[in-house]
Amino acid sequence: MNTGSHIQLTARQTVLFAIAAAFMVANIYYSQPLLAVIGSQFNIPSSDTALLVTLTQLGYGLGVLLLVPLGDVIDRRRLASTMISLCIIALLLTATSQHFWFFASVQLLLGLAASATMVLIPYVANHTPAYKRGQRVGQMITGMLLGILLARTVSGLVADALGWRWMYVIAVIIATMVLILIRKLMVPSAVTGKISYPELLKSMVSLLREYEALRTRAFYCMMGMGSFSILWTGLTLFLSGEPYHFQPSTIGLFGLIGAAGAMSAGIAGRISDKGYASALTIALAVLLVLSWGIMAEAKASLLLLTAGILLLDVAAMGLQVVHQSVIYKLRPEAQSRITSIFVTSGFIGMALGSALSSLGFRYWQWTGICLFGAALPVIMLIHVTIQGMTKKLLKNH
């Protein structure tokens with residue numbers, strides 16, 4: 001297993017890791033605003049180009065589930081370097097693809113390799129003092145969210161100016177720079193003991209059974225990211241229709257509001273580090289519900305919609321940081337597997353959110369989206385309440 005190193009990261013190094021995480025996760029979102037252009041290039045209908053997003057996210061999910069846990073048994077520096085190198089190859093193949101189905105298959109590889117982001121987060125957590133861990137994880141989450149939210153805007157601008165292939169050429173250059181940076185920043189991890197790959201994956205089930213906090217925080221992650229996904233899946237459907245009829249380029253600007261919300265993640269980390277994780281979980285879940293109440297009036301006021309989006313992103317990203325500040329204290333030598341469990345639960349939540357968003361809009365339009373979006377954090381609050389009452393009863397007896 002990886003042994004915790006006495007080497008601690010500086011604030012500057014943590015910022016560089018956050019920037020690396022932003023660029024790595026951005027690779028799976030560059031294609032989203034380019035689907036129509038890519039479809040036109042390959043003479044493929046838009047119904048088929050939508051598959052690109054699915055394949056990239058599927059690859060990312062598989063990478064988190066199957067590759068990230070290896071960080072507990074092999075050198076994380078070597079693992080991250082290998083995955084980023086694979087990402088560079090996938091980006092090169094994407095930029096030079098001449099056939100759509102080859103392009104599509106490479107997106108699965110690109111997503112798989114881009115999950116190197118989730119190798120970096122436990123590394124940062126493992127090389128940070130406990131009293132600063134929440135803050136530093138918050139910085140990593142901020143970097144990731146900025147990468148996710150700004151990738152669409154950047155790729156659209158580059159495609160308009162230079163053509164969509166140039167976006168991936170630029171991504172190759174950036175990924176190469178990230179590889180050089182990671183090789184310089186990361187210290188090789190000492191590895192003691194051996195565990196087979198099947199045993200490694202099986203041990204994740206054992207971790208879930210052993211730690212109630214991991215089960216709880218994974219469930220809360222599922223609810224929080226589900227609510228987040230409901231917004232960003234349904235927002236395009238809403239803004240492109242009555243009463244706004246916005247163009248895609250205008251809708252894309254709403255990602256900048258989300259980016260502003262993501263900047264609060266570090267604050268949530270600092271508060272969590274002071275021992276207020278439980279209280280902050282409740283407060284942010286309430287804020288999440290409140291944001292949907294505000295956005296319910298979006299047809300009457302664009303200002304209320306903007307305020308609601310900002311509050312939702314602050315709450316959703318703050319919750320992610322609080323959850324990770326809790327789970328990374330459970331077992332330091334298993335942080336990669338814990339990350340895999342946690343992020344996989346978030347992916348399940350986002351898939352659930354996308355489905356609920358489509359369902360809600362189909363039958364009840366924007367009202368349906370708001371109802372489903374608020375329902376998930378309400379479920380979280382109910383769970384928090386029941387759990388608290390149960391612990392109190394057990395303590396009294």
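The values are calculated or read from the model by the stated rules, or taken from the named source; none is laboratory data. The structure displayed is predicted, hence computed values, not measured ones. Every residue, glycine as well, gets a Cβ built from its backbone with ideal geometry; the counts of neighbours run over all protein chains shown. Please note that ligands, DNA and RNA were not included when accessible areas were found on the heavy atoms of the full protein model with its side chains. Shrake-Rupley method; radii C 1.70, N 1.55, O 1.52, S 1.80 Å.
A few points about this structure:
- Of interest is the spacing of the C-alpha centroids, which for the range 247-300 and the range 125-148 amounts to 17 Å.
- Heavy-atom surface analysis with a 1.4 Å probe gives the range 305-397 a carbon and sulfur content of 71 percent of its accessible area.
- Taking every full run of DSSP H in the chain, the ones that stretch at least 24 Å from end to end by Cα along their long axis and average 0.5 or higher on the Kyte-Doolittle scale are 46-66, 76-96, 133-162, 164-185, 212-239, 277-295, 302-327, 335-396.
- Accessible solvent surface per residue of the range 137-275, calculated while the other protein chains remain in place, 1.4 angstrom probe, Å²: 47 Å²
- Its relative contact order, with pairs defined as Cα atoms under 8 Å and 6+ residues apart, puts the range 259-317 at 46 percent.
- Mean Cβ count within 10 Å, highest first, over the residues of peptides 290-298, 9-17: 290-298, 9-17
- Compactness of the range 238-361 was expressed as the Cα radius of gyration divided by 2.2 N^0.38 Å, which yields 1.21.
- Burial order of peptide ranges 195-208, 353-366 (average beta-carbon count within 10 Å, highest first): 353-366, 195-208
- Among the listed pairs K194/K329; K184/K274; K274/K395; K132/K184; K132/K392, those beyond 26 Å (Cα-Cα): K184/K274; K132/K392
- Of all accessible heavy-atom area on the range 31-90, the percent that carbon and sulfur account for (1.4 Å): 64 percent
- Take 89-102, 166-179 and order them by the average number of nearby Cβ atoms within 10 Å per residue, most first; the result is 166-179, 89-102.
- In a simple Cβ point-charge model (Lys, Arg +1; Asp, Glu -1; nothing else charged), the range 304-397 has a dipole of about 380 debye relative to its Cα centre.
- From helices alone, the chain scores -27000 deg cm²/dmol at 222 nm; the rule is -39500 (n - 2.57) for each run of n ≥ 4 DSSP H residues, then divide by the residue total.
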